[in-house]
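Visitor: Quick one: this structure, given as structure tokens, is what I'll be asking you about.
Laboratory data are not the source of any read-out in this text; all were calculated from the coordinates shown. Predicted model only: the values in this text are computed from it and were never measured. Heads up, the Cβs are rebuilt from the backbone with ideal geometry, glycines too, and the neighbour counts pull from every protein chain shown.
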Amino acid sequence: MTMPNFLRSAPPAGAVPKRDRRSYKRVDLRLTGRFLTSESDDRELLTSNVSCDGAFILSSAPPDAGQQIVCYFDELGRVVADVIRMTPGGFAVRFQTSTLKRDKLADRLTWLLNKDTLGLAEDRASPRFSATGQAVVILPNGIQLQCRLTDISLTGAAFEAQGAPPFIGDRVHTGNLPAEVVRVAGKKFAVRYLRGAEAAGS
């Protein structure tokens, strides 16, 4: 896909490249989530601005400069990042992503920036139907998470966890079906079912 113009920054004519030059323009966007440090500490985060290849993160417990962390953004999913700059109010990270992943981030950021203005809705492959009942979701480490099923479709389902919910991007099992966590909000989370080659790699 072609990167949206507002997410790409063009260097001015005659500009001298600088070490910390940003490849993509950052936009003001508040995203919540969590990050894991190399010591496996789980900490909350809030972005001040974000782009396809990095973000500035506000946190009361920042990691060390130069450390690699794993970010779990509630609206973007899992992204590995390097801490490149510290400030009194937070820290900046550069994402470690493939071209395909950056394209997906660009699509998602474009949607997030325009969803309220344009009245955009989540793109779901199948209609979901309200459901009730208890369910067990098996986490990547084998722990059985007790949940309440809230809705279901042919391609996925949504739950409310009785404990800590999984992270976006986690591979889980719902019954006998392998699935990937695609959305987390508080204790509520949604999964999409994995099929074919995706399921074989779970």
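Visitor: Peptides 46-55, 170-179: what's the order by average Cβ count within 10 Å, highest mean first?
Guide: Listed from highest to lowest mean packing, they are 46-55, 170-179.
Visitor: Between residue 185 and residue 100, how high is the FRET efficiency from 1/(1 + (r/R0)^6) when r is the Cβ-Cβ distance and R₀ = 22 Å? Nearest 0.05.
Guide: About 0.30, to the nearest 0.05.
Visitor: Label residue 197 and residue 151 with points 7 Å out from Cα along Cα→Cβ: what is the distance between them in nm?
Guide: 3.1
Visitor: Another one. At residue 80 and residue 160, where each label point lies 7 Å from the Cα along Cα→Cβ, what is the point-to-point distance in nanometres?
Guide: 3.7
Visitor: I would also like to ask the following. What order do you get for 44, 160, 39 when you list them from fewest to most C-beta neighbours inside 10 Å?
Guide: By the 10 Å Cβ count, ascending, the order reads 39, 44, 160.
Visitor: With a point put 7 Å past each Cα toward its Cβ, work out how far residue 39 is from residue 111 in nm, to one decimal.
Guide: Taking the simple label geometry, residue 39 and residue 111 are separated by 3.7 nm.
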